[in-house]
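Please read the structure below before turning to the comments.
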Amino acid sequence: MERTSNLQSPVLEKTSSGWLNGFLGVLIFSGSLPATRVAVAEFDPLFLTVARATIAGILALAILLLFKERRPSKPQLLPLAAVALGVVLGFPLLTALALQYVTSAHSIVFLGLLPLATAVFGVIRGGERPRPVFWLFSILGSLLVMGYAFAQGLTASPQGDLLMLLSVLVCGLGYAEGAKLSRTLGGWQVISWALVLSLPLMIALTLFTLPSTFSGISLPAWTSLAYVSLFSMLIGFVFWYRGLAQGGIAAVGQLQLLQPFFGLGLAAGLLHEQVSLGMLGVTIAVILCVVGARKFSK
């Protein structure tokens with residue numbers, strides 16, 4: 001009996017480490033929208049998007065060279081391009097544009113759909129056939145978000161809501177492709193190679209969109225740029241993909257459901273944005289729908 005316990009111990013330790021790494025990744029990602037909200041007040045959204053990708057890409061290249069990681073194979077390049085399109089360019093750009101119209105607290109409600117979007121793209125890419133109850137929760141969650149967006153039409157922005165929905169879709173695709181690719185390429189290597197793959201274009205766009213002057217840019221804006229470049233774009237993914245690899249994609253992926261709560265707390269505590277009971281209620285309802293959808297996804 002003692003021998004069996006000793007054999008199970010490394011497995012339990014690895015699983016616990018996976019949950020811890022996944023939790024840290026989600027916690028880091030939760031600061032992305034509030035930080036982006038601060039940054040777009042003084043930086044152009046396109047410049048912010050390409051600059052953060054350039055900074056993270058240069059660091060990722062240095063790390064890959066330092067550890068002498070093997071290059072991706074040709075069949076892995078197309079999925080890497082999808083990851084780059086989704087999480088390196090698409091999600092940061094669309095959220096930066098959206099946050100010109102809506103508050104970070106308002107936009108975080110839409111993140112309740114992100115685990116569901118990831119699951120849906122996982123179903124499409126994996127050819128799985130979930131039970132009908134899965135689609136019931138999926139449709140209900142989507143209707144809740146859309147209903148909330150329309151109900152806020154007088155005080156919120158349809159453009160901002162549409163951009164947030166698009167950002168969730170492209171990010172879900174990027175997460176699904178990244179999770180699938182990490183099984184063969186490695187966890188943190190996926191985001192690193194995706195950043196490096198897009199680096200030439202990001203550098204060119206950074207130079208093209210470079211402001212004529214940086215005078216007047218406040219310290220909070222620079223700090224936010226540093227956060228979304230180092231933590232949201234690179235370090236968060238190191239913890240996130242490591243957690244998925246150690247604890248399992250399906251299990252550790254559930255931690256992503258905590259992100260709206262962390263984000264709402266940051267928006268209220270750091271940016272002093274108002275978080276209404278209705279907004280919190282919709283977030284909780286959407287998360288419950290996502291939990292139900294994930295439960296019946298197989």
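The values are calculated or read from the model by the stated rules, or taken from the named source; none is laboratory data. What you see is a predicted model; the values in this text were computed from it and never measured. Methodologically, a virtual Cβ is constructed for each residue, glycine included, from the backbone with ideal geometry; neighbour enumeration extends over all protein chains shown. Please note that ligands, DNA and RNA were not included when accessible areas were found on the heavy atoms of the full protein model with its side chains. Shrake-Rupley method; radii C 1.70, N 1.55, O 1.52, S 1.80 Å.
Just a few scattered comments:
- The set of residues in the stretch 89-142 being touching an Asp or Glu at 6+ places or on another chain (Cβ under 8 Å), surrounded by 24 or more Cβ atoms within 10 Å (Cβ to Cβ) and farther than 25 Å from Leu205 by Cβ consists of Ala105, Phe110.
Residues are listed down the side, and each one gets a yes or a no for (1) under 30 Å from Pro130 (Cα atoms); (2) not aromatic (Phe, Trp, Tyr):
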residue: Ser212; (1), (2): no, yes
residue: Val228; (1), (2): no, yes
residue: Gly247; (1), (2): yes, yes
residue: Gly253; (1), (2): yes, yes
residue: Gln274; (1), (2): no, yes
residue: Leu277; (1), (2): no, yes
residue: Ala293; (1), (2): yes, yes
residue: Phe296; (1), (2): yes, no
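- With respect to the conditions (1) within 18 Å of Ile55 (Cα to Cα); (2) in a helix (DSSP H, G or I); (3) open to solvent by 20 Å² or more (accessible area, probe 1.4 Å), Gly269 lacks only one, and its number is (1).
- Odd one out for Ser212, checked against (1) surrounded by fewer than 22 Cβ atoms within 10 Å (Cβ to Cβ); (2) modelled with pLDDT of 95 or more: (2)
- Any hit, the stretch 236-255, residues being in contact (Cβ under 8 Å) with a residue 40 or more places away in the chain, open to solvent by 20 Å² or more (accessible area, probe 1.4 Å) and on the phi > 0 side of the Ramachandran plot: yes
Listed here are the residues, each with its yes/no results for (1) modelled with pLDDT of 90 or more; (2) out of contact with any His (no Cβ under 7 Å at 6 or more places or on another chain); (3) hydrophobic (A, V, I, L, M, F, W, C); (4) part of a helix (DSSP H, G or I).
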site	(1), (2), (3), (4)
Ala51	yes, yes, yes, yes
Thr54	yes, yes, no, yes
Leu65	yes, yes, yes, yes
Pro72	yes, yes, no, no
Pro79	yes, yes, no, yes
Phe91	yes, yes, yes, yes
